[in-house]
Amino acid sequence: MPQETSLDPAVAARLKRNADGLVPAIAQQYDTGEVLMLGWMDDEALHRTLTTGRATYWSRSRREYWVKGDTSGHVQWVKSVALDCDADTLLVKVDQVGAACHTGERTCFDADVLLRG
């Protein structure tokens, strides 16, 4: 994974990354609160997300950056990005166009419900 980044050093200093240098990023529909998916960001993916207005993630399997929607057309337009209180998880509020899940579903959390309340 590339180490050079243009991420603001003050933001980078706050992030608590895993052993691979990544931070989980939860994508949530900005107006309904619907949880859409979880992706992973390194410093550069976060920088690109903050500066382009498009959600950009690090693909652990392909070992490359991917901008949500570049191949599927299911774009995530970023409305806000927040860091949780432990600085180890990002909440990316987006306007999701189409499906968020690679399976074609609106959200990655609808297909395998373990408990309904």
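Below 8 Å, C-alpha to C-alpha, sequence gap of six or more: please give me the relative contact order for the chain in percent. Before the final figure, lay out the partial values.
On the way: 211 pairs, mean separation 28.8, N = 117.
Answer for the chain is 25 percent.
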Practice prompt. Give me the angle, in degrees from 0 to 90, between the Cα long axis of helix 43-52 and the longest principal axis of the Cα atoms of the chain, rounded to the nearest 10.
Written response: 70 degrees
Discussion item. Explain nothing, just the number: dipole magnitude of the chain about its Cα centre with +1 on each Lys and Arg Cβ and -1 on each Asp and Glu Cβ, in debye rounded to the nearest 20.
Written reply: 80 debye
Worksheet item: Per residue, how many Å² of accessible area does the chain show with a 1.4 Å probe?
Response: 60 Å²
Discussion item. Skipping prolines and chain starts, which residues have an amide H placed within reach, meaning under 5 Å, of the one on T107, given they are 5 or more residues away or on another chain?
Written reply: A100, C101
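Taking the range 1-42, which trypsin sites (Lys or Arg not before Pro) meet the DSSP loop condition and have no more than 12 other C-beta atoms within 10 Å?
Values: sites: R14, K16, R17; in loops: K16, R17.
Those satisfying the criteria are K16.
Over the chain, what percent of the accessible surface lies on carbon and sulfur atoms, probe 1.4 Å?
Details: 3530 of 7000 Å².
Here carbon and sulfur together make up 50 percent of the probe-accessible area.
Using a/c under 1.5 as the rounded threshold, could you call the range 45-117 rounded, prolate or oblate? The axes a ≥ b ≥ c are square roots of the C-alpha gyration tensor eigenvalues, and prolate needs a/b larger than b/c, oblate otherwise. If you can, show how the numbers build up before the last one.
Numbers: a/c = 1.59, a/b = 1.19, b/c = 1.34.
It comes out oblate by the Cα gyration axes.
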Worksheet, complete the sentence: The answer for GluC sites (Glu not before Pro) in the range 1-100 that fall in a DSSP coil and have at most 11 neighbouring Cβ atoms within 10 Å is E4
Discussion item. From the phi angles alone, apply the Karplus equation (6.51, -1.76, 1.60; θ = phi - 60°) to the range 100-117 and give each ³J(HN,Hα) in whole Hz, x where the residue is Gly or Pro.
Written reply: 8, 8, 5, 7, x, 7, 4, 10, 7, 10, 9, 7, 10, 6, 8, 8, 10, x
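The values are calculated or read from the model by the stated rules, or taken from the named source; none is laboratory data. Computed from a predicted model, the values in this text were never measured in an experiment. Note that each Cβ is placed from the backbone with ideal geometry, even for glycine, and that neighbours are counted across all protein chains shown. We work out accessible area using only protein heavy atoms, side chains counted, and drop any ligands, DNA or RNA first. Shrake-Rupley method; radii C 1.70, N 1.55, O 1.52, S 1.80 Å.
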